[in-house]
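The values are calculated or read from the model by the stated rules, or taken from the named source; none is laboratory data. Not measured: the values here are computed from a predicted model. Every residue, glycine as well, gets a Cβ built from its backbone with ideal geometry; the counts of neighbours run over all protein chains shown.
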Amino acid sequence: MNLIDRVAYTNRLAGRSAAEKTLFALGMLVLALVLPPMPGDVVVLAVMTTAALAVARVPLRTYAKLIAGPLFFLAFGVLPLLVSVGVGGDGLVSLGLASGGAELALRVTLRSLAGVSCLLFLSLSTPVPQILAVLRTVRTPAVVTEVALLIYRFIWVFVDTVGAIRTAQASRLGYRTWRSSYRSLAMMSATFFGQTLQRARAMDHGLQARNWQGELVVLDHRAATTALGLLVVLVVQAGTVAAVVAWSVA
């Protein structure tokens, strides 16, 4: 079982209604998009981080590990916003700090982190089959949910496959030099592509042998949605809006 699934099935909110958690996460995501980045996204980020760490009891090390990837891409993504490139003048190309670039980079960073925190809370507190069950409840086409489930499962199969191939290559000193590293990377890509096709073909044969009718049926012990749970979700979201308004007028 991968890290995200393990946390999703063992966190403190695992027994709560998936519909309530989905409504909470998506509602906060909408607030992160419509409220001003400062202070709206700061409040959303604080609420969702608290919900994940203090309420769902997601381990801090796990949360930091999973958010490190988006932070890495975000750090490189906002760098061009800080720089302006000019052509002409004394030199062919001139570089400088962009006017208003720092403010724009801050707004993009806050909005991105707020959105990531909403989706991270949902993925760490709710197993994927339960999320897909909520989508089926709102009449999402079956082909969408089935393809989403297959892609999610295959992502982790691919990660395990790449990890196993790299471990085997590293044990044979395949990454000792730059030349051997490039050669090992090329061999990994070729092997990975072949194994991917083989696994997909084997899965297709297995589904056909089981008379697959277009839907993967899984066990899902869903908790019932309660009026109290929905009320808590709405109160937290209303409190978030109230906190942003109070911060803005202060």
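From the list V143, V236, the lone residue that is in contact (Cβ under 8 Å) with a residue 12 or more places away in the chain, assigned by TED's automatic domain parsing to the domain that holds S17, hydrophobic (A, V, I, L, M, F, W, C) and within 30 Å of G27 (Cβ to Cβ) is V236. Residues in region 1-33 that are surrounded by 18 or more Cβ atoms within 10 Å (Cβ to Cβ), among the charged types (D, E, K, R) and assigned to a helix (DSSP H, G or I): 2 in all. In region 18-34, the residues that are of a type in the set (S, T, Y) reach residues that are not in a helix (DSSP H, G or I) with C-beta atoms within less than 9 angstrom, at least six apart or across chains, in these pairs: T22/T126. One residue stands out among those in region 222-242 that are outside any helix (DSSP H, G or I) and within 24 Å of the chain's Cα centre (by Cα): the one that is modelled with the highest pLDDT, which is A223.
Scanning region 129-151 for residues that are within 14 Å of the chain's Cα centre (by Cα) and at pLDDT 85 or above gives a single hit, I131. Of all residues in region 5-32, those that are in contact with a helix residue (DSSP H, G or I) (Cβ under 6 Å, 6 or more places away or on another chain) and among the β-branched types (V, I, T) total 2. Scanning region 61-75 turns up no residue that is crowded, with 21+ Cβ neighbours inside 10 Å, in contact with a Ser or Thr (Cβ under 9 Å, 6 or more places away or on another chain) and not assigned by TED's automatic domain parsing to the domain that holds R136.
Counting the residues of region 63-73 that are farther than 25 Å from N11 by Cβ and of a type in the set (A, V, I, L, M) gives 0. Within region 37-50, one or more residues are in contact with a Cys (Cβ under 8 Å, 6 or more places away or on another chain) and either closer than 14 Å to T109 by Cβ or not assigned by TED's automatic domain parsing to the domain that holds A243 (or both). When R57 is tested against (1) touching a residue at least 60 places away in the same chain (Cβ under 8 Å); (2) of a type in the set (D, E, K, R); (3) under 24 Å from T240 (Cα atoms), exactly one condition is not met: (1). Check whether at least one residue in region 140-160 is closer than 30 Å to G15 by Cβ, out of contact with any strand residue (DSSP E or B) (no Cβ under 6 Å at 6 or more places or on another chain) and among the small types (G, A, S), and report yes or no. Within region 140-160 (the criterion being closer than 30 Å to G15 by Cβ, out of contact with any strand residue (DSSP E or B) (no Cβ under 6 Å at 6 or more places or on another chain) and among the small types (G, A, S)), the answer is yes, since at least one residue qualifies. The residues in region 50-74 that are in a helix (DSSP H, G or I), under 21 Å from V232 (Cα atoms) and out of contact with any Phe, Trp or Tyr (no Cβ under 8 Å at 6 or more places or on another chain) can be counted, and the count is 3. Could you check region 153-178 and list, in sequence order, the residues that are surrounded by 18 or more Cβ atoms within 10 Å (Cβ to Cβ) and in a helix (DSSP H, G or I)? Passing the criteria: I165, Q169.
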